[in-house]
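Enquirer: Handing you this structure, nothing more for now.
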Amino acid sequence: MLPEEIKKFIEEFEKLPSIGPRQATRLAFRLIGGGQAKLAEMANAVSGLKKVKICPRCFFVHSQKTDVCSICAESTRANDVFMVIEKETDLMSIERTKKYRGKYLVLGELTKSGVLEPWQKLRLNALKKIITDEMSDKMAKEIIIALNPTTYGDLNASLIEKELKNYSHKMSRLGRGIPTGGEIEFADEETLSHSLTRRE
Ligand SMILES: [Zn+2]
């Protein structure tokens, strides 16, 4: 009953988080109803995402001409202090406080089981390699684990701490100031700044 083009659209969009076949179908009709110009704009926005690159050092997104992102390339940031975070949006929240001047490792969305995915282990290995290759004593000055203070966040934090403790002189955790069950992404700047300066 539906044209092939719409079927193809639904097939792709229903795979996205929180969009099912019904929402994808509705979305298709809404977009078609918006007219050709709107459709072209939307297609351009989606196609533009193809140019976004993932930094091979911190795994944050960027569209620089270089391989690495602008945070990793910034020479005024400490290159022996690393913050391990879950989501890109967490990094953005931390950056907004302007209180952190080290580097990052974006781990990607954690599972509720407290087990790291194979690709997340590869990201941890990338950090270990940076530390052993670039630090004169093969140890970072500090690694801050900044995961959300939820049950699975704590579980993963302990796991990551174990993985990285031989690679850093100091291990610390952020999030003590953030209420239990709260999220870094949604904490206000003052709360975040506070938990940054009082990390333990
Ligand atoms: Zn980077």
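Enquirer: If you average the alpha carbon positions of the range 54-69 and of the range 1-36, how far apart do those two centres end up, in angstrom?
Expert: Rounded to whole Å, the Cα centres lie 32 Å apart.
Enquirer: In a Gaussian network model over the chain where Cα atoms closer than 10 Å are linked, find which of ARG77, ARG22, ARG57 has the largest mean-square fluctuation.
Expert: ARG22
Enquirer: What angle do you read, to the nearest 10 degrees and between 0 and 90, between the alpha-carbon axis of helix 88-97 and the longest principal axis of the chain?
Expert: With both axes taken from Cα atoms, the answer is about 60 degrees.
Enquirer: Further question on the same structure: When the convex hull of the Cα atoms of the chain is projected onto a plane and the area is averaged over all directions, what value comes out in nm²?
Expert: Orientation-averaged projected area of the Cα hull: 14.1 nm².
Enquirer: For a 28 Å ceiling on Cα separation, which of these pairs sit above it: LYS15/LYS121; LYS103/LYS165; LYS8/LYS53; LYS65/LYS141; LYS53/LYS162? Spell out each step's value before the answer.
Expert: Details: LYS15/LYS121 25 Å; LYS103/LYS165 17 Å; LYS8/LYS53 26 Å; LYS65/LYS141 30 Å; LYS53/LYS162 30 Å.
In this structure, LYS65/LYS141; LYS53/LYS162 exceed 28 Å between Cα atoms.
Enquirer: What accessible area per residue comes out for the chain, rounded to a whole number of Å², with a 1.4 Å probe?
Expert: Ligands and nucleic acids excluded, the result is 61 Å² per residue.
Enquirer: Choose one answer from MET42, MET139, MET83: the residue with the largest mean-square fluctuation in a GNM of the chain with alpha-carbon springs under 10 Å.
Expert: The residue that fluctuates most here is MET42.
Enquirer: Further, regarding this structure: Could you check which residue among GLY153, GLY102, GLY35 shows the biggest mean-square fluctuation in a GNM of the chain with a 10 Å Cα cutoff?
Expert: Highest fluctuation of the listed residues: GLY35.
Enquirer: Moving on. For GLU161 and ALA43, what is the calculated FRET efficiency with R₀ set at 35 Å and r taken between the beta-carbons, to the nearest 0.05?
Expert: 0.20
Enquirer: With the cut-off at 1.5 for a/c, could you classify the range 88-200 from its C-alpha gyration tensor as rounded, prolate or oblate? Intermediate results must be reported in sequence, preceding the final value.
Expert: Values: a/c = 1.79, a/b = 1.26, b/c = 1.42.
Oblate, because a/c is 1.5 or more while a/b does not exceed b/c.
Enquirer: Just from its helices, what would the mean residue ellipticity at 222 nm be for the chain, if runs of 4 or more DSSP H residues each count -39500 (n - 2.57) and the sum is divided by every residue, rounded to the nearest 500 deg cm²/dmol?
Expert: -13500 deg cm²/dmol
Enquirer: Here is a further query. Just grab the label-to-label distance for LEU27 and THR191, each label 7 Å out from Cα along the Cβ direction, in nm (one decimal).
Expert: With each label placed 7 Å out from Cα toward Cβ, I get 3.0 nm.
Enquirer: Could you give the angle, 0 to 90 degrees to the nearest 10, between helix 4-13's Cα long axis and the longest principal axis of the Cα atoms of the chain?
Expert: 20
Enquirer: So which GluC sites (Glu not before Pro) in the range 93-147 pass both tests, a DSSP loop state and at most 13 other Cβ atoms within 10 Å of the Cβ?
Expert: GLU109
Enquirer: Another question about this same structure. Run the accessible area of the chain with a 1.4 Å probe and give the carbon-and-sulfur part as a rounded percent.
Expert: So the carbon and sulfur contribution to the accessible surface is 55 percent.
The values are calculated or read from the model by the stated rules, or taken from the named source; none is laboratory data. All of these numbers come straight from a predicted model, not from anything done at the bench. A quick note on method: Cβ atoms are made from the backbone with ideal geometry, for glycine too, and the neighbour counts reach across all protein chains shown. Surface areas here come from the heavy atoms of the whole protein model, side chains and all, with no ligands, DNA or RNA. Shrake-Rupley method; radii C 1.70, N 1.55, O 1.52, S 1.80 Å.
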